[in-house]
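Structure first, then comments.
Here, each number is a calculation from the coordinates, and none is a lab measurement. Keep in mind that what you see is a predicted model, and the values were worked out from it rather than measured. With ideal geometry, Cβ positions are generated from the backbone for all residues, glycine too; neighbour counts draw on all protein chains shown.
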Amino acid sequence: MEILTKNTEETKEFGRKFGAELKVNRKKAVVLALTGELGSGKTTFVQGLAEGLGIKQRIISPTFILVRKYKIPFSHQPLAISYLYHIDLYRLEKNIEGEVNNLGIEDFWKSPENVIVIEWAEKIKSMIPKSTIWIKFENLGEDKRRISLMTND
Ligand SMILES: Nc1ncnc2c1ncn2[C@@H]1O[C@H](COP(=O)(O)OP(=O)(O)OP(=O)(O)O)[C@@H](O)[C@H]1O
Ligand SMILES: [Mg+2]
């Protein structure tokens, strides 16, 4: 599945719908692996996603701290305490898998209520669960972006 967006707001709106429709009470955490060059719209999508999950805080890219954690409110997810983890691996160059292990990432996806969204996820491809939804962002020039979704199931 792919969509084309013409501006920032359309990418955000796509994220918002995606978040609002996510079924989080499954057996496994929802993992979204985002790929695509600088400025292709990954963080913009995450801002919409968070809004769609009912999160009111402003999403700031976790480029320097690698991970930010947001509580998903009860109104969206009435049965379980759940969190959105926003991870950005852009800065990592050396010992990437070791660094990511130190973040406790394996624990994030053990809780089925969690939503984990990872920018530059291709850097840890071998660590990513099979059930992950891969979302590729492409810059088609000016404000046009192509967003492609790939799932294994
Ligand atoms: N159709 C569009 N969708 C998303 N962003 C767009 C679009 N058109 C223009 N933009 C602009 O492109 C930029 C996208 O930045 P964003 O931070 O979302 O990219 P990113 O993929 O997260 O980059 P990085 O790899 O640096 O984290 C923003 O300045 C945004 O306003
Ligand atoms: Mg970003």
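How high is the FRET efficiency from K28 to D143, r the C-beta distance, R0 25 Å, rounded to 0.05? Don't skip to the end; give the middle numbers.
Working: r = 35 Å, r/R0 = 1.41.
About 0.10, to the nearest 0.05.
How much length would be gained if the chain were fully extended between M1 and A80, taking 0.36 nm per residue of separation minus their Cα-Cα distance, in nm to one decimal?
25.4 nm
How large is the helix-only mean residue ellipticity at 222 nm for the chain, computed as the sum of -39500 (n - 2.57) over DSSP H runs with n ≥ 4, divided by its residue count, in deg cm²/dmol to the nearest 500?
Here the helix-only value at 222 nm equals -6500 deg cm²/dmol.
For A20 and L103, what does the FRET efficiency come to when R0 = 22 Å and r is the distance between their Cβ atoms, rounded to the nearest 0.05? Before the final figure, lay out the partial values.
Details: r = 27 Å, r/R0 = 1.25.
Rounded to the nearest 0.05, the efficiency is 0.20.
Which GluC sites (Glu not before Pro) from the range 56-104 combine a DSSP loop assignment with at most 15 other Cβ atoms within 10 Å?
E93
If R0 is 30 Å, what FRET efficiency do you get for R58 and S111 from their C-beta distance, rounded to 0.05?
Result of the calculation: an efficiency of 0.75.
Under 5 Å between amide H atoms, partner at least 5 residues away or on a different chain: which partners does I116 have, H built in plane at 1.01 Å?
V30, V31, L32, Y85
When the Karplus curve 6.51 cos²θ - 1.76 cosθ + 1.60 is applied with θ = phi - 60°, which whole-Hz ³J(HN,Hα) does each residue of the range 103-114 get, with x for Gly and Pro?
After applying 6.51 cos²θ - 1.76 cosθ + 1.60, I find 5, x, 4, 4, 6, 4, 8, 7, 8, x, 7, 7 Hz.
Where in the range 40-84 are there trypsin sites (Lys or Arg not before Pro) that are in a DSSP coil and have at most 12 other Cβ atoms within 10 angstrom of their Cβ? Don't jump to the answer; show the numbers that get you there.
On the way: sites: K42, K56, R58, R68, K69, K71; in loops: K56, R58.
Answer in residue order: K56, R58.
Can you tell me the Rg and the Dmax, both Å, for the Cα atoms in the range 1-97?
13.9, 40
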